[in-house]
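Notes follow the structure.
FYI, it's all coordinate maths here, none of it is from the lab. Note that this is a predicted model, so its numbers are computed, not measured. Methodologically, a virtual Cβ is constructed for each residue, glycine included, from the backbone with ideal geometry; neighbour enumeration extends over all protein chains shown.
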Amino acid sequence: MSSTQAALKKPPASKPQKMRSLQRGETLAGLLFVSPMLIGVSVLVLLPIIATVVLGFADWNFVQGWDGIRWIGLQNYEHLLSDSMFLRSLRNNLIFLLTVPVYMLISMVLAILIDRYVYLKGYFKVAYFMPYISNIVAVAVVWQVLFQPSYGPINEMLKALGISDPPKWIADPNYALISIMMISVWISIGFNLIIYIAGLQAIPKDLYEAADIDGANAWVKFRRITLPLLSPTSFFLLVTGIISTFKVFDIIAVMTQGGPIGSTTMMVWYLYDTAFVNLKVGYASSIGVVLFAFVMLITLIQWIAQKKWVNY
Amino acid sequence: MQKRISIHGPKLGLTVVMLAVSILFLLPFFWMLMTSFKIEKDVFVYPIEWIPRQWNAIANYKEVWFGQYPFYLYYWNSIKVSLITTLISCFVSSLAAYGFSKIRFAAGQWLFLIVLATYMIPGQAILVPQFILYRNIGLFDSHLGLILIGSFSVLGTFMLRQFFMGVHQDFIESAKIDGAGHFRIFCSIGLPLVKPAVATYAILRFIWTWNDYQNPLIFLRTDKWFTLPLAMQKFTSMSGEFYSLQMAGAVSAIFPLLLIFIIGQKSVIQGIALGGVKG
């Protein structure tokens, strides 16, 4: 921008009427700019979420057409409370939460090591990030074969190590969920690692220098500087991690379809199964509302907690 | 001098340890690649043949690319859907981001809050109504429908808005005094200034769309429209016990993204860190 324009920076004095029409022009321009996004979000997100809440009160199979809708009040929700498959999904979702602290801890350790204590940083970032960037369907297929119970490579290795009766992994109801959780940890580390490295790089170096002068050892520096200053990052990862466990779907759909005998069913899988396999739209919508409520609850807790506990 | 060396010793040691750990992350990919080159009966030979004894690479990949589930078609579908979604999404998001940050109008602030609030809504909670809507307006089982689903990104709008807020208001004001309308300012000043951010977001959006499995599963039905992840899953369930073929499919599905990632590594990692820390 040239200096003449800088000199003209102040808008010319004008009558109030002209100002008003200028402001009207701004409003119009603003609305035009945001309208594609606004219309898209309204039609594809806002309208559907309202519909989900409304349909949660209905008993409807959409093969029957619009006339088939029966309004049944809260019956869907009452039914959910005694639906053993739904309760099982909910329980599995809660068990799945355990993956979050596990991969956060591993990622934090790896991030600190990569950021400070090793050579070949670039290589490590790419290596640990590969599972995250890869197509989850392809990854799931690969693990399915690796976990193959009778002659898959993992069990062959375990047998070679002297374990005569290795678990059947995703084919065994007792091990299926934990197998999926392990794969989920393996996938999630890359993302968490990258965020932790970004968090570490934002910590001012002079804090460590000051600690060095005071003779602090590595553990004290970690405990008193790194950990507290990473707390916003950890908190962010905890919240997004918890929310993402409520959305787990792809890996279940590809690897186990909720089985064997319901051992890996989770909320979104059950919603999908109810809506698109059993075509119970109303019931599926009530599951959708429960899912929405969980995510909203976590977000609200985040808002409140962020103000109280996180060090900035 | 003494101290220098004693610092480097542990660093080297840790690097070796980390290399060993990183094998855990790479080995499944290596196994996948090598298995995709094998003949079927060698897949589960133990001890594991890390380098195939008998190569069947050409036949395997030919079957995957031009067989009953022709991957070339799904590649084309995926490229088309991902590219167009990325283009539209970047355009819509940067328009909105500019509108929400650089144009002062009263409704702007609370409209932005509404848009931001929808970020809380999990995609799966609205699948059923979206499905019903699509069935009724004829967008079901079409690429257009799939593209529209991915085109209105709150995250993208939020990310780009952060960047537009960093563009000094003086640039906008002086251009306005020169008689430029907002659209011209947006095209000739706004976009060029936030180009790196748009590029980063574009790469992320492309990767997310390319990897998306759930939306194609719900909104597509006809084989010939399938995108890669959905086709990969159907192919796997069809090819049952042919694990070498499944691995060839998996390699084909992973490879292009890996390429994008390795080329755009800096942007991707930066974008994730940024979108993460701020979003």
Ratio of Rg to Rh over the range A:63-122 (Cα coordinates, Kirkwood Rh, two decimals): 1.43
Label-point separation, B:TYR119 to B:GLN265 (7 Å along Cα→Cβ), nm: 2.9 nm
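I want to check a number: in the range B:67-238, how many lysine pairs have alpha carbons closer than 24 Å, given a sequence separation of 8 or more or different chains? Intermediate values should be presented prior to the final figure.
Working: B:LYS80/B:LYS195; B:LYS80/B:LYS224; B:LYS80/B:LYS234; B:LYS102/B:LYS176; B:LYS102/B:LYS195; B:LYS176/B:LYS195; B:LYS224/B:LYS234.
Counting lysine pairs in the range B:67-238 gives 7.
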Viscosity 0.890 mPa s, temperature 25 °C, Stokes-Einstein D of the protein assembly as shown from Kirkwood C-alpha radius, µm²/s: 92 µm²/s
Longest to shortest principal axis, alpha-carbon extents of the range B:86-145, angstrom: 40, 24, 17
FRET efficiency for A:MET19 and A:ASP212, using Cβ-Cβ distance with R0 set to 51 Å, rounded to 0.05: 0.30
Per-residue HN-Hα couplings for the range A:286-298 [Karplus 6.51, -1.76, 1.60; θ = phi - 60°; Hz; x = Gly/Pro]: 5, 5, x, 5, 4, 4, 4, 4, 4, 5, 5, 4, 4
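When the convex hull of the C-alpha atoms of the range B:2-56 is computed, what volume per residue in Å³ does it have? Before the final figure, lay out each step's value.
On the way: hull volume 5.2 nm³, N = 55.
Taking the convex hull of the Cα positions in the range B:2-56, it is 95 Å³ per residue.
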Chain lengthening between A:LEU98 and A:LEU32 when straightened (0.36 nm per residue, less Cα-Cα): 19.2 nm
Residues whose placed amide H lies under 5 Å from that of A:ALA58, excluding near-sequence neighbours: A:ILE72
Rg in Å to one decimal, and Dmax rounded to a whole Å, for the range A:15-77 via C-alpha atoms: 21.1, 63
Cut-off under 5 Å, modelled amide H: who pairs with B:LYS38 long-range: B:ASN56
Distance between the range A:19-60 and the range B:58-101 - C-alpha centres, whole angstrom: 27 Å
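Return the FRET efficiency for the residue pair B:ALA107, B:SER142: r is the Cβ-Cβ distance, R0 is 41 Å, and the value is rounded to the nearest 0.05.
Working: r = 34 Å, r/R0 = 0.82.
Computed FRET efficiency for B:ALA107 and B:SER142: 0.75.
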Two-site FRET efficiency, B:PHE171 against B:LEU27, from Cβ-Cβ distance with R₀ of 56 Å, rounded to 0.05: 0.65
Sorted by Cβ neighbour density within 10 Å, fewest at the top, the residues B:MET120, B:MET18: B:MET120, B:MET18
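Report, in deg cm²/dmol and to the nearest 500, the calculated mean residue ellipticity at 222 nm for chain B, where each DSSP H run with n ≥ 4 adds -39500 (n - 2.57) and the sum is divided by the residue count.
Numbers: 14 runs with 204 residues, N = 279.
Taken over chain B, the calculation gives -24000 deg cm²/dmol.
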Interatomic Cα distance distribution for chain A, bins of 20 angstrom, percent: 22, 43, 28, 6, 0
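For chain B, what value does the Rg/Rh ratio take when both radii are computed over Cα atoms and Rh is the Kirkwood radius, given to two decimals? Walk me through the intermediate numbers first.
On the way: Rg = 24.0 Å, Rh = 22.2 Å.
In chain B, Rg relative to Rh is 1.08.
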